[in-house]
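Presented below is the structure to which this report refers.
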Amino acid sequence: MAAMRYAVGDLRAFLDREYPILLVEILEAKGSSPREAGTFMLVSPTDSHATIGGGQMEFMAIDHARAILAGMSTQMRLDIPLGPEIGQCCGGRVTLGFSRLDETGMAAFDARIEARLSAMPEVWLFGAGHVGRALGEVLALLPVKGTVVETRASELALMSVGVRHRLAAMPEALVAEAAPGAAIVILTHDHALDFLIAREALARDDLAYVGMIGSKTKRATFASQARESGLAQARIDRLVLPIGGRQVPDKRPAVIAAMTAAELLVALSSYRSQGSS
C-alpha cells in the first residue's frame, strides 16, 4: 500500500466514510473512448471517487448508480454511445457494469486493488534533494511503486508522509533490490555516489530505465570513468543523462520532476509492451 499512498489513502477514506457504495466499471470500450476497459469509479448517494473519463458519460453513470442505490432501477449494465446523442464527440461506445460493494463485493474489490498495486512497476529515486523530493511527490500520485533512497536523514525528514523512503549508508547496494522492469533515477548530492549507483544499475540487463540528473559534461565524465573501469559502451549508452529531456529549458525542480515523470511513464510502458510482445 506504500505505492500511490495518497490515492489509496483517499480510496480507503471513501470506503470507510460512505455507505452504500456502487462500483461502476467500464466493461467494454469500442472505438474512441475517454478511458479503457477495467477503469472504475465508486459512487455513493452523496459522493463519488475516481473517474471513468468525465463528461456526460460519467454524469449518466453517476445518476444511474444512484438510481440503483435508491431502488429506482435494477439495470446493472448500460451501453452508451459516445456521440451527439449524449453531447460527446468521442465517437466510440462503452458498456458500463454496476455492482454493489456489499460484504462479498468488498472482499473481491480489496483483492483487486491489492493485485493492481502488486503489478505496478517500481521506481527507485536515489537522492532526496530538491529534485528528488519534487519527483517523489509526483510519483506518489502515479501508478508506480516509488521509493526514495537517501544517505541523509535530514533530507528524508523533509519528504511528505505519503512518499515511501529509505535511509541507507550505501545506496548503491539497494540497486540489487529493484525488481525486474524497475526504473532507477539517480540524483544524489555526490557525483561519486551517482557514478557508483549508475554502475550497479547499468550492470543489470533487466531494468526499464536508468537515468541521472546532470549535464553533457557530467555524462562525458561518467562515460570515461565507466569505460576505464571495464563497463561496456553498450551499457553506458543506456544511461539517460540528463533526465527529463531537453525540450523544456527550465531547471526548476518541479519542472524537471514533471518532465522526468513523463519520461519514466513512457519507458515503463515501452518495457512492458516489449515483454508482452
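Bear in mind these aren't lab numbers, they're just calculated from the coordinates by the rules spelled out. None of the values given here were measured: they were computed from a predicted structure. Heads up, the Cβs are rebuilt from the backbone with ideal geometry, glycines too, and the neighbour counts pull from every protein chain shown.
Some notes on this structure:
- Under 20 Å from K216, Cα to Cα: aspartates and glutamates that are on another chain or at least 8 residues apart: D190, D194, E228, D237, D250, E263
- Cα gyration tensor shape of segment 161-220, rounded if a/c is under 1.5, else prolate or oblate by comparing a/b with b/c: oblate
- Averaging 1/r over each pair of different alpha-carbon atoms in segment 5-117 and inverting the result gives 14.5 Å, the Kirkwood hydrodynamic radius.
- Dipole-positive endmost among L202, S224, P249 within segment 195-277 (Cβ charges, Cα centre): P249
- Dipole magnitude of the chain, debye to nearest 20 (Cβ charges: Lys/Arg +1, Asp/Glu -1, about Cα centre): 760 debye
- GNM top mover of T95, T147, T260 - the chain, alpha-carbon springs below 10 Å: T95
- Within the straight-line cut-off of under 20 Å between alpha carbons, the lysines reachable from K218 are K251, sequence neighbours fewer than 8 places apart in one chain being disregarded.
- Between A37, A258, A134, the GNM of the chain built on Cα springs shorter than 10 angstrom shows A37 fluctuating the most.
- For segment 124-277: relative contact order, % (alpha-carbon pairs under 8 angstrom, 6 or more apart): 23 percent
- Using Cβ point charges alone (K and R +1, D and E -1), the dipole size of segment 5-117 about the Cα centre works out to roughly 160 debye.
- Estimated from helices alone, the mean residue ellipticity of the chain at 222 nm is -12500 deg cm²/dmol (sum of -39500 (n - 2.57) over DSSP H runs with n ≥ 4, per residue).
- Of the DSSP H helices in the chain, those whose Cα atoms cover at least 30 Å axially and whose Kyte score averages 0.5 or more: 253-276
- Computed P(r) (all Cα pairs; the chain; 10 Å bins; percent): 6, 24, 27, 20, 14, 7, 1, 0
- Gyration tensor (alpha-carbon) shape descriptor, segment 233-272, a/c threshold 1.5: oblate
- The residue list P143, H165, S154 was ranked by how far each Cα lies along the charge dipole of segment 127-177 toward its positive end, using unit charges on Cβ atoms, and P143 comes out on top.
- Computed over neighbours whose Cβ is under 11 Å from that of A37, the net charge equals -1, Lys and Arg +1, Asp and Glu -1.
- Cα gyration tensor shape for segment 120-276, rounded if a/c is under 1.5, else prolate or oblate: rounded
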